[in-house]
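Just so you know, all these numbers are worked out from the coordinates, no wet-lab data involved. Quantities reported herein were computed from a predicted structural model and do not represent experimental measurements. A quick note on method: Cβ atoms are made from the backbone with ideal geometry, for glycine too, and the neighbour counts reach across all protein chains shown.
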Amino acid sequence: MATSSTTELFELLDISDDDAAECAALLATPPSAAVLRAINSLQERLGTFPRDSIQAIDSSETDWIEALLRFAPTVHSYHVGLGISPAVSAASLGDVGLQLRINRRVHGRFGLDTWSWLTLHMAGNLFRLGRLQFHLVRNSDVAEEQQHGSEWELGVHIPEAGGLSPAMVDASFTEARGFFPRYFPDKPADTATCESWMLDPYLVKRLPDSNIASFARRFTLDRCTDAPTDAVYFTFRQRGLQDLDKLPRETSLQRVVLERIDDGGTWQLGHGHLAL
């Protein structure tokens, strides 16, 4: 890959510093058979609106990083071909660079333990619109379709980036309400869903005046499922529950997350929905 196109790719994916050097090294030689298999898996899903990420690991983590890098321009072209602005495409695909930076914070090295999550972006149906990401998918089953009233729905995700003020969230939902009918008019979604530890009722109860609680109250809570490590990972970027006594308790959120575990509690994922 030529230097100029590599530079453009890294700008598209928001890759910088040491991660850019490592990624450039991956692209300096022809792709291996394992990388080509991964790229083929991504190609098969482009434009198919999958709900689930690729889970099977028949290639290494490094192979998947290279595959994501090499396939991203195809996804960008797909977006632009739909009429979507290059800026929205870049904002959406820029999660690659963000996840690389997070990996360095979590593991202290180059890598991408969230490569599977990023395979959703490469299918072309997940977009960052302002503060939030929206994932256009079919309802998961007939019961949900009957409950929510539409064959299609928007999965809502909260990328790491700044605050979660009501104004920012409102702006994202407003943009989404115009974006998807414009570019996917044959896939009308009238419901948004969210699965997150931020929707755990315990958090809303303990921090009722927080922006997180304000976000959670937008959704009707359908159910909760245990997710013991999610709150720790997303608050502290630490995998697992070891050495919790060494983690900071400087903010009210940090204290609430750790005190619940100290008291023998278990964090949960809240599964909720709202009408668009």
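At 222 nm, what value in deg cm²/dmol follows for the chain if DSSP H runs of at least 4 each add -39500 (n - 2.57) and the sum is divided by all its residues, to the nearest 500? Numbers along the way, then the final one.
On the way: 13 runs with 139 residues, N = 276.
The per-residue figure over the chain is -15000 deg cm²/dmol.
For the chain, what number results from the quotient of the Cα radius of gyration and 2.2 N^0.38 Å?
1.03
Between Rg and the Kirkwood Rh of segment 1-124, both from Cα atoms, what is the Rg to Rh ratio? List each step's numbers first, then the result.
On the way: Rg = 13.4 Å, Rh = 14.5 Å.
A ratio of 0.93.
Hey, fewest Cβ within 10 Å first, where do ASP113, ASP226, ASP95 land in order? It would help to have the intermediate numbers written out before the result.
Numbers: ASP113 13, ASP226 9, ASP95 24.
Least to most surrounded, the residues fall as ASP226, ASP113, ASP95.
Under a 5 Å amide H to amide H cut-off, with H placed in plane at 1.01 Å, what residues pair with ASP190 once short-range neighbours are removed?
HN-HN under 5 Å from ASP190: TRP152.
Using the number of other C-beta atoms within 10 angstrom as an exposure proxy, rank MET122, MET168, MET198 with the fewest first.
Fewest to most other Cβ atoms nearby, the residues stand as MET168, MET198, MET122.
Can you find, among LEU93, THR74, GLY240, the residue sitting farthest towards the positive end of the charge dipole of the chain, where Lys and Arg contribute +1 and Asp and Glu -1 at Cβ?
LEU93
How large is the dipole of the chain about the Cα centre if only Lys and Arg carry +1 and Asp and Glu carry -1, each at its Cβ, rounded to the nearest 20 debye?
Dipole size: approximately 380 debye.
Nearest-5 percent of antiparallel DSSP beta bridges in the chain?
Once the DSSP bridges in the chain are tallied, antiparallel ones form about 90 percent.
Using per-residue counts of other Cβ atoms within 10 Å, averaged over each peptide, order 228-236, 257-265 from highest down.
Result, highest mean Cβ count within 10 Å first: 228-236, 257-265.
For segment 126-276, give the magnitude of the charge dipole about the Cα centre (Cβ charges: +1 Lys/Arg, -1 Asp/Glu; no others), in debye to the nearest 20.
On the way: 17 positive and 22 negative charges, 88 e Å.
The calculated dipole for segment 126-276 is roughly 420 debye.
Among SER16, SER172, rank each residue by its count of other Cβ atoms within 10 Å, from fewest to most, as a rough exposure measure.
Working: SER16 14, SER172 20.
Fewest-to-most ranking of SER16, SER172: SER16, SER172.
May I ask you to derive the FRET efficiency for ALA33 and VAL80 from their Cβ-Cβ distance with R0 = 22 Å, giving the value to the nearest 0.05?
For R0 = 22 Å, the calculated efficiency reads 0.15.
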